[in-house]
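What follows is a set of notes on a single structure, which appears directly below.
The values are calculated or read from the model by the stated rules, or taken from the named source; none is laboratory data. If you're wondering where the values come from, they're calculated on a predicted model, not measured in any experiment. Cβ sites come from the backbone with ideal geometry, for glycine too, and all protein chains shown count toward neighbours.
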């Protein structure tokens with residue numbers, strides 16, 4: 001993977017000013033391209049159960065590889081700006097949302113450092129909904145646990161290697177526990193989500 005390519009996860013389970021979830025996420029990719037951050041690859045669209053289970057309507061999820069000639073912090077700011085434009089409310093973690101754009105990884109980059117990234121990856125599950133890092137952590141600390149991220153990511157970057165775990169997306173996907181992919185299915189072409 002080219003060093004400037006950044007991997008993002010996209011998700012929505014509420015309508016936005018741009019329309020239903022899938023149309024919202026397509027609008028998000030268009031807004032990023034208009035900011036000079038084009039997607040060079042995008043996964044299929046997937047319908048996935050809300051996380052945590054029972055937290056709201058099903059999501060539409062995808063992953064994309066972006067050609068981002070900017071720092072990860074600048075890209076994260078652009079992702080947050082697009083989320084706000086499309087109606088994202090960040091007052092509560094893991095709530096239903098109109099647009100969620102997560103920076104998953106960028107080549108072999110680890111931020112802020114290996115020890116901090118590993119600490120966030122190992123955070124007790126009971127604390128994950130109450131604690132959030134003050135700054136950017138790359139790769140995303142939960143990506144290796146989430147089928148709704150790994151399944152679409154395998155469409156665009158199956159051979160990308162997690163720089164802390166040393167495993168490819170394909171390997172992380174295969175290592176998910178039984179049931180982790182239950183309910184995740186490609187959307188039909190005419191399904192707006």
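Summary of values
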item: Scan of the range 39-57 for residues that are assigned to a loop (DSSP other than H, G, I, E, B) and either within 12 Å of residue 22 (Cα to Cα) or at pLDDT 95 or above (or both), ordered by number; result: 43, 44, 45
item: Residue selected from the range 64-86 under the condition in contact with a helix residue (DSSP H, G or I) (Cβ under 8 Å, 6 or more places away or on another chain) and assigned to a loop (DSSP other than H, G, I, E, B), by the criterion modelled with the lowest pLDDT; result: 68
item: Within the range 87-184, helices (runs of 4 or more DSSP H) holding 3 or more residues that are at pLDDT 95 or above and closer than 20 Å to residue 59 by Cα; result: 147-156
item: Some residue of the range 42-55 being closer than 24 Å to residue 161 by Cβ and surrounded by fewer than 20 Cβ atoms within 10 Å (Cβ to Cβ); result: yes
